[in-house]
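Worksheet: one structure, shown below.
The values are calculated or read from the model by the stated rules, or taken from the named source; none is laboratory data. Just so it is clear, the structure is predicted and the values come from calculations on it, not from any experiment. Note that each Cβ is placed from the backbone with ideal geometry, even for glycine, and that neighbours are counted across all protein chains shown. Heavy atoms of the whole protein, side chains included, go into the accessibility calculation; ligands, DNA and RNA do not. Shrake-Rupley method; radii C 1.70, N 1.55, O 1.52, S 1.80 Å.
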Amino acid sequence: MLFAGWLLLCLGLCVGLAVIYQQGLRLETDLRALLPEDDASALSQQAGEALFKIGGDRILLLAASPQMKETRAAADWLVQQPRPVPALQLETATGAGVSPGGRIELYRDHRFSLLNPQQRQHLQRGEAQLLANQALRALYQPGNWGNWLTPAEDPLNLFPGLMLALEPIPPGVEFAGDYLLLESPQRPGWSYALIVASSVQAAFDLKAQQQLVDQLDELERQLLQFHPSTQLLRSGILFHAAAAARQARHEISLIGGGSALGIVVLYLLCFTSLRPLLLSMASVLFGSLVALCLCHFLFGRLHVLTLVFGASLIGVAIDYSLHYFTRLYGAGPTSSRENLRQVFPGILLAMVTSVIGYASLAQAPLPGLRQIATFSVAGLLGAWLFVVALYPLLATPRQHRFPRWLVALAQLPWRAWQCIGANKAYLLAVCLGLVALLVCQQKLKSAEDVRALYEPAPELQQQEQQIQELLPGFAANQFLLLRADTPEALLRLDEQLQTELEKLRSEDAIAGWQGISSLLPSSARQQQDYALLARTVYGDDGAAWPLMTELGFDAEAMIGLRQSFESQRGNWLLPEAWREAAGERQRMLWLQPQNGAASMVTLTGVTRLEPLQELAERWPEVEFVDRVAQLSRLLQAQRNWA
């Protein structure tokens with residue numbers, strides 16, 4: 001009966017392994033997969049996924065050198081290589097969303113209803129002539145006049161300032177085609193070339209991670225051969241995922257290898273034979289394969305921490321074999337089936353109690369613990385069935401005398417118990433337990449902060465800090481969520497929020513932000529800007545006409561400009577047209593809720609959370625989302641539940 005069950009299990013195992021071999025083993029390294037769905041709204045999850053999509057597969061490579069000539073040469077060498085890293089797809093500055101690119105045409109068509117804050121302030125103060133004087137100076141200074149519009153189309157040169165405000169370029173940045181050139185105030189004299197790339201495969205694909213890291217290491221070695229004074233810095237989620245995967249593999253090897261080594265030594269000392277050792281390892285391997293297949297088909301993918309925890313099963317599942325062989329070799333010659341009947345109640349009880357203990361983990365509302373519980377229960381059942389079904393057929397009894405010193409060592413706790421006496425032994429055990437509990441209570445601290453689960457490598461962290469100093473990026477886990485009934489109301493809400501955010505920046509709570517209204521003003525704001533331009537620049541007494549007369553334009557050019565301005569009346573830039581032309585990094589700000597309209601405001605350089613939380617409390621339409629804090633609160637709730 002047991003053997004027939006083992007045969008059926010073997011058949012299912014073979015089919016499962018064949019399917020896994022064909023499809024590939026899908027391993028998960030994302031810690032979020034271990035946690036349950038939090039109490040965050042679907043909209044905040046959508047925003048978080050949008051941010052992760054932008055930065056998840058993106059990789060920044062920074063060639064650094066103390067000489068600008070050497071930096072340019074190194075960057076040119078990198079981008080001119082035919083697929084220098086096959087696992088990466090290089091992007092131009094425009095394609096990476098760093099440069100305005102194709103969005104210029106959209107804004108140019110609506111330029112008569114768009115102003116940046118400084119231009120708006122000057123015109124409201126009646127300082128149109130100041131802007132005209134600045135435009136006149138820019139016209140006679142090479143390189144200062146924007147190359148998007150001619151003076152006949154934009155006499156006050158307002159459009160370049162508008163574009164810089166809509167999509168600001170960090171100071172000291174120079175576009176060089178396929179890369180950006182930067183200089184660092186923290187390291188005077190050093191220059192950097194930024195190359196943006198995206199991973200061809202998912203960031204959490206273990207095979208892709210290792211492949212990409214190896215290819216980048218080889219690329220760096222080749223670069224140093226041609227440009228010895230150049231450093232190649234890296235930044236990206238993929239590198240952190242690869243480091244976490246390496247750490248997990250190390251822990252699997254350490255725990256599994258240590259357990260296996262201890263078992264090998266113990267078996268050789270006890271039985272002085274390889275057969276018990278090989279059969280015991282075969283039972284553990286069989287149970288592990290059963291658990292692997294079952295979890296793979298139940299959950300779709302297997303988390304690496306499940307494998308780390310599963311490595312500890314070796315020390316539990318091996319007990320069934322130890323019971324069997326100790327009785328078989330130590331009780332004198334007997335048949336294997338008779339030996340099984342004698343040890344069966346003991347190993348059955350051991351299996352049932354262990355399965356109950358591990359199965360209790362499945363009650364927790366944590367997907368990670370449920371997967372670990374499934375892996376553990378399946379592994380124990382598989383190893384136990386291997387022992388009771390095959391050992392009577394494969395293991396032969398023989399007379400064996402165990403080493404005296406080993407027997408004495410094993411009997412030492414029992415002899416100590418007898419010497420002390422049962423009552424005193426109980427009292428001593430209770431006292432020692434209380435002392436251990438007090439020590440643990442004083443020394444051990446519970447921490448629910450998920451950042452404590454992973455500590456980046458110092459070298460990787462240092463490179464990240466250098467790149468953040470040069471190009472501060474938005475915080476992927478902290479942002480503001482805005483909701484309104486209509487798109488127009490949403491844009492007005494975002495515009496009203498700018499004053500509050502500017503106040504937070506002045507208080508050094510944040511370094512910067514980007515909201516949707518900085519890229520797409522509301523129709524009401526566009527109408528106000530159009531009226532302001534009509535009154536101060538393009539009206540009968542506007543500042544455009546004296547300037548164009550001074551520049552030598554005839555009446556026909558002025559009439560054409562006035563007609564272009566008049567034709568723009570009421571033709572405001574709307575969300576639908578903006579989304580079609582916006583880049584991926586800009587389009588992610590506009591969310592797609594089931595009802596109403598929503599957007600997010602990305603934040604950079606967040607130093608204090610309290611002002612942002614207070615802001616969200618004062619504005620009912622605004623929500624401050626801190627995904628790390630949400631996960632930490634979730635862990636605390638799970639600990640309290642347990």
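For first residues located in region 229-249 and within 14 Å of GLN468 (Cβ to Cβ), partners that are small (Gly, Ala, Ser) and part of a strand (DSSP E or B) and lie 6+ apart or on another chain with Cβ distances below 7 Å form the pairs LEU233/ALA64. Pairs meeting the criteria (first residue in region 497-509 and under 12 Å from ARG608 (Cβ atoms), second residue among the charged types (D, E, K, R), beta carbons under 9 Å, at least 6 apart or on different chains) are LEU504/ARG608; GLU507/ARG608; ASP508/ARG608; ALA509/LYS503; ALA509/ARG608; ALA509/GLU610.
Each row is one residue, and each column tells you yes or no for (1) of a type in the set (S, T, N, Q); (2) modelled with pLDDT of 80 or more.
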site: SER65; (1), (2): yes, yes
site: ALA73; (1), (2): no, yes
site: PRO86; (1), (2): no, no
site: ARG108; (1), (2): no, yes
site: GLN118; (1), (2): yes, yes
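Could you please find all residues in region 489-530 being assigned to a loop (DSSP other than H, G, I, E, B), farther than 23 Å from MET163 by Cβ and not hydrophobic (A, V, I, L, M, F, W, C)? Outline the logic, then answer.
Going residue by residue through region 489-530, those that are assigned to a loop (DSSP other than H, G, I, E, B) are 507-511, 515, 519-522.
Remaining after also requiring farther than 23 Å from MET163 by Cβ: 507-510.
Within region 489-530, GLU507, ASP508 meet the criteria.
Report yes if some residue within region 136-152 is modelled with pLDDT of 85 or more, in contact with a Gly (Cβ under 9 Å, 6 or more places away or on another chain) and either open to solvent by 20 Å² or more (accessible area, probe 1.4 Å) or on the phi < 0 side of the Ramachandran plot (or both); otherwise report no. The answer is yes; a qualifying residue exists.
Pull up region 33-56, narrow it to residues that are acidic (Asp, Glu) and open to solvent by 60 Å² or more (accessible area, probe 1.4 Å), then point me to the one that is modelled with the lowest pLDDT. Before you say what the answer is, go through the steps one by one.
Residues of region 33-56 that are acidic (Asp, Glu), as a first pass: 37-39, 49.
Narrowing further to those that are open to solvent by 60 Å² or more (accessible area, probe 1.4 Å): 37, 39, 49.
Numbers: GLU37: 57, ASP39: 48, GLU49: 75.
Checking each candidate, the answer is ASP39.
Pairs linking a residue in region 57-77 that is farther than 26 Å from ILE237 by Cα to a residue that is crowded, with 16+ Cβ neighbours inside 10 Å and of a type in the set (D, E, K, R), with Cβ atoms under 9 Å and 6 or more positions apart or on different chains, are MET68/GLU183. Considering only region 548-562, state which residues are assigned to a helix (DSSP H, G or I) and exposed (fewer than 10 other Cβ atoms within 10 Å of the Cβ). Passing the criteria: only GLU556. Look through region 410-451, keep the residues that are surrounded by 10 or more Cβ atoms within 10 Å (Cβ to Cβ), among the basic types (Lys, Arg) and farther than 27 Å from LEU322 by Cβ, and return whichever of them is modelled with the highest pLDDT. Among those residues, the one meeting the criterion is LYS424. Can you find even one residue in region 324-335 that is assigned to a helix (DSSP H, G or I), within 41 Å of the chain's Cα centre (by Cα) and closer than 18 Å to SER259 by Cβ? No; the residues of region 324-335 include none that is assigned to a helix (DSSP H, G or I), within 41 Å of the chain's Cα centre (by Cα) and closer than 18 Å to SER259 by Cβ.
The set of residues in region 551-567 being modelled with pLDDT of 90 or more and in contact with a helix residue (DSSP H, G or I) (Cβ under 8 Å, 6 or more places away or on another chain) consists of ALA557, MET558, LEU561, SER564, PHE565. Of the listed requirements (1) open to solvent by 20 Å² or more (accessible area, probe 1.4 Å); (2) under 21 Å from the mean Cα position of the chain (by Cα), LEU589 misses just one: (1).
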